[in-house]
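Let me begin by presenting the structure, written as structure tokens, before commenting on it.
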Amino acid sequence: MAAPRPAAAWRPSRAAGRPLPRPPPLTPLITLLTVLRSARRKCGLREPPCSQPRKRSAAVAAAALAAALSPLVAAPPAAAVTCDTADANRAPTAAGAAQARSVVVCLVNAQRTRRGLPALTVDQALTAAAQQHSAAAVRLKWWGPGRDPHRNPATGSTPQTRIQAAGYCPNPRSWQFGEIAYTGWGGSGTPQAAVTWWMSSPGHRAVILNSALRNIGPGVQPGAADRAGATAPNGGTYVVTFGRCRR
């Protein structure tokens, strides 16, 4: 069974190399401190996701920082979400890609609602950005050792440029965005394998459980985005974008 190929980013990020079978040793403190770093901050598989809210005033900046440093709790209790186990453990196919996207959203929201966080709402612009990147990843297969899974080597696109080009949150008062990615094959190409790995990595888990987020966009493609899994069966590539838009 091949090892999964996961990655996460807040703001444009750089992969640090071939993902390890186990999650990297990240700490919540480091994850929160990335909020204070500049938009040029680079991060990747061996670092926590970067977080850089877009802001237009000191008051908005202070509010964004306070939200980032607060515990991950939600005011109203959220209804628990349950997902189809069979679909969650099935690698995506061309005919079943839409169903796989729905399963990914369900699994992410299940992780959030069981902790009292609100479920995320699917946004079409975020979905378009995630779908574009996952399709390009499988077609070009550039993910792998020393490669940046979040920057398309052919177009130079990044999470920010893809999300903005898709039309998410135009002319906002403030906004946040994020992207996590995963590819695997054999027994590791399923939606459940992707979400299980993300939740076992503190940095990826922090993205999924970020209480400030409100929107999600799933991108799922059959096949691997790493040449090492090009001919392997049951491959799956997953890109999930997240957002919060305040106008």
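The values are calculated or read from the model by the stated rules, or taken from the named source; none is laboratory data. Bear in mind that the values here come from a model prediction, so they are computed numbers and not experimental data. Using ideal geometry, Cβ is built from the backbone for each residue, glycine included, and neighbour counts are taken over all protein chains shown. When the accessible area is computed, the model is the full protein with side chains, heavy atoms only, and any ligands, DNA or RNA have been set aside. Shrake-Rupley method; radii C 1.70, N 1.55, O 1.52, S 1.80 Å.
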Practice task
Six or more apart or on different chains, Cβ under 8 Å: which pairs go from a residue in region 164-180 that's in contact (Cβ under 8 Å) with a residue 60 or more places away in the chain and part of a loop (DSSP other than H, G, I, E, B) to one that's among the aliphatic types (A, V, I, L, M) and open to solvent by less than 10 Å² (accessible area, probe 1.4 Å)? Could you list them?
Solution key: Y168/L126; Y168/A129
Handout entry: Whichever residue in region 83-107 is small (G, A, S) and part of a helix (DSSP H, G or I) and, among such residues, is surrounded by the most Cβ atoms within 10 Å (Cβ to Cβ)
Key = A100
